[in-house]
Amino acid sequence: MQLDFNHQQSAHCENGAIVNLLNNKGFKITEPMAFGLGSGLFFVYLPFLKVNHAPAVSYRPLPGVIFNRMAKQLGIKVKRFKFSNPAKAQQKLDENLKNNIPTGLVVGVYHLNYFPDEYRFHFNAHNIVVFGKEENRYLISDPVLDYTVSLTKEELEKVRYAKGALAPKGHLYYPIAVPQNTDLTNAIKKAIKKTCNDMLAPVPIVGVKGMRMVAKAILKWHKKLGVAKANYNLVNLVRMQEEIGTGGGGFRFIYAAFLQEAGEYLNNAQLMQLSKEMALIGDKWRDFAVEASRVYKKRSNTENVYQVLSNRLMELADLEEAFFKKLKKAV
Amino acid sequence: MKKNEVPQDDSPLKKHKSNELVYAVDDDGKFVSVQSSGWEPKTIIQNQNLEVLNQRVQEALNDVTSGKISPIVYYMELNRMDWQTLAAYMEQWTFFVKRHAKPSVFNKLSTRKLQKYADIFGISIDELRNFKG
């Protein structure tokens, strides 16, 4: 049994699942627009929380938040379920498939065997869509792949019941009602303001302030923790920035694409200009990643390298602070 | 990033006959999504990350062989878990799971508990009891 479902590859898993589910319901929206309306751009540094043995850094809000914000902005109604009993979770999924409802699932990445080893970590907030069942295999649309895959019942249960931080607990969701004609004007303006406020928030670990805190920490890591640990923390910082699903440069390019689309929609030349600026900032994030990767390639472990990286991050924070102040005034 | 600047380097994804989507501007300055087979700096970072994780596995292996810790630590590292994740899978407090790292405590674990560990790690109970590396 295969539902009528159009799989489209996307950069980010959460947006990709949303876009695919909504498109399927006849509500056309692009990935950058979904990302922008969900105020997906973010930065947070949680030095006290260790993920994979390194301090946690995230370039996005908590999983699920982007979709919820966007759904709220547009008046989309979404049904969500979690199950303490895996058998019930599967039963609900089967029921949905029978009723012709492609269903979004939140799953853990580690046991997804179709990913290369380099991507398999205990990250429990990946999004996939199930769109059919053939014999004993569920047909899966994983938004970051350009083809569809399939998983057995057992494999699917394993990823749906991955444990640890953000354990999905069989979380499934699907849109039940989409608006017919929506005017995006207000939604866009509100979402942009939200992103600006987040990035300029007067909280030391959030937004540009969080970036400055990381920039300072890079120097401290080297002195306090030694070269090996400092490098490892740096690896994780850059890995999060360029991880599959970010579209590169810590989501900056997706956001630039959103600003362009928003500029066209609102007929706002200033937004179009700012979109170009955001893309340049994205390029600078990529430069930062290149610089960081040199630490391992050349094995140059002088303090100087960390100083350079720290300075670059400071510069990025300054650029983004100026950028988001401008953006706030542009809408 | 321009469309023609989107990196098409060798990468773990490419080896997997896969790719990822990135956003770049085309000649008219319009953003489009482009498939990228990989980016060298990213691959370097990922390899570096795996290298560190492999070191951790190796260290754990040495410590198990020399009798300093129990095989649970080795399999935990092998499965890229930390104590919190393992404790979540065991449905126990981290404190108790950490104690099982002591060989003296580990040797007294019940078969049921060992079986639970073995299931989580996808191995047989024998591999835990008679650890060979």
With springs only between Cα atoms under 10 Å, which of A:VAL130, A:VAL107, A:VAL203 fluctuates most in a Gaussian network model of chain A? A:VAL203
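Determine the relative contact order of chain A: mean sequence separation of Cα pairs under 8 Å and six or more apart, normalised by residue count, in whole percent. Let's see the in-between values first.
Details: 585 pairs, mean separation 68.4, N = 331.
Answer for chain A is 21 percent.
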Would you work out the relative contact order for segment A:149-258, in percent, from Cα pairs under 8 angstrom that are 6 or more residues apart? 7
Within a 10 angstrom radius of each residue's Cβ in B:22-28, how many Cβ atoms of other chains show up on average? Whole number is fine. 6
Past the 24 Å Cα-Cα mark, which pairs from A:LYS92/A:LYS153; A:LYS50/A:LYS193; A:LYS223/A:LYS325; A:LYS28/A:LYS79; A:LYS92/B:LYS14; A:LYS25/A:LYS133? A:LYS50/A:LYS193; A:LYS223/A:LYS325; A:LYS92/B:LYS14
Over chain B, what percent of the accessible surface lies on carbon and sulfur atoms, probe 1.4 Å? 48
What accessible area per residue comes out for chain A, rounded to a whole number of Å², with a 1.4 Å probe? 41
Cα long-axis angle, helix A:269-297 against chain A (0 to 90 degrees, to the nearest 10): 70
When the charge dipole of the protein assembly as shown is computed with +1 on Lys and Arg Cβ and -1 on Asp and Glu Cβ about the Cα centre, the Cα farthest towards its positive end, among A:LEU280, A:ALA292, A:VAL208, belongs to A:VAL208
Interface residues of segment A:208-239, defined as losing at least 40 Å² of accessible area versus the chain alone with a 1.4 Å probe, are A:TYR232, A:VAL235, A:ARG239
From the phi angles alone, apply the Karplus equation (6.51, -1.76, 1.60; θ = phi - 60°) to segment A:198-210 and give each ³J(HN,Hα) in whole Hz, x where the residue is Gly or Pro. 4, 6, 9, 4, x, 10, x, 9, 10, x, 4, 5, x
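Where the only charges are on Cβ atoms (+1 Lys, Arg; -1 Asp, Glu), what is the dipole of chain A about its Cα centre, to the nearest 20 debye?
Charge dipole, chain A, about its Cα centre: 1220 debye, nearest 20.
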Among B:LEU13, B:GLY122, B:PHE95, the residue whose Cα sits farthest towards the positive end of the charge dipole of chain B, when +1 is placed on the Cβ of each Lys and Arg and -1 on the Cβ of each Asp and Glu, is B:PHE95
Using the Cα centre of segment B:47-129 as the reference point, and only Cβ charges (+1 on K/R, -1 on D/E), how large is the resulting charge dipole? Debye, rounded to the nearest 20. 420
Have a look at A:GLN90, B:SER70, B:GLN46 and report the one farthest towards the positive end of the charge dipole of the protein assembly as shown, computed about the Cα centre with Cβ charges (Lys/Arg +1, Asp/Glu -1). B:SER70
List the aspartates and glutamates whose Cα sits under 15 Å from the Cα of B:LYS116, skipping any in the same chain fewer than 8 residues away. B:GLU91, B:ASP126, B:GLU127
Provide the buried accessible surface between chains A and B in square angstrom, both chains summed, 1.4 Å probe, rounded to the nearest 100. 4200
Taking amide hydrogens as modeled 1.01 Å from N in the peptide plane, which residues meet the under 5 Å criterion relative to A:THR103, leaving out close sequence neighbours? A:VAL130
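With +1 on the Cβ of every Lys and Arg and -1 on the Cβ of every Asp and Glu, and nothing else charged, how large is the dipole of segment A:185-330 about its Cα centre, in debye rounded to the nearest 20?
Charge dipole, segment A:185-330, about its Cα centre: 480 debye, nearest 20.
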As a test, work out the antiparallel percent of DSSP beta bridges whose residues both lie in chain B, rounded to the nearest 5. 75
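The values are calculated or read from the model by the stated rules, or taken from the named source; none is laboratory data. Please read all numbers here as calculations on a predicted model, not as lab measurements. A quick note on method: Cβ atoms are made from the backbone with ideal geometry, for glycine too, and the neighbour counts reach across all protein chains shown. To get the accessible areas, we keep the full protein, side chains included, count just its heavy atoms, and leave off ligands, DNA and RNA. Shrake-Rupley method; radii C 1.70, N 1.55, O 1.52, S 1.80 Å.
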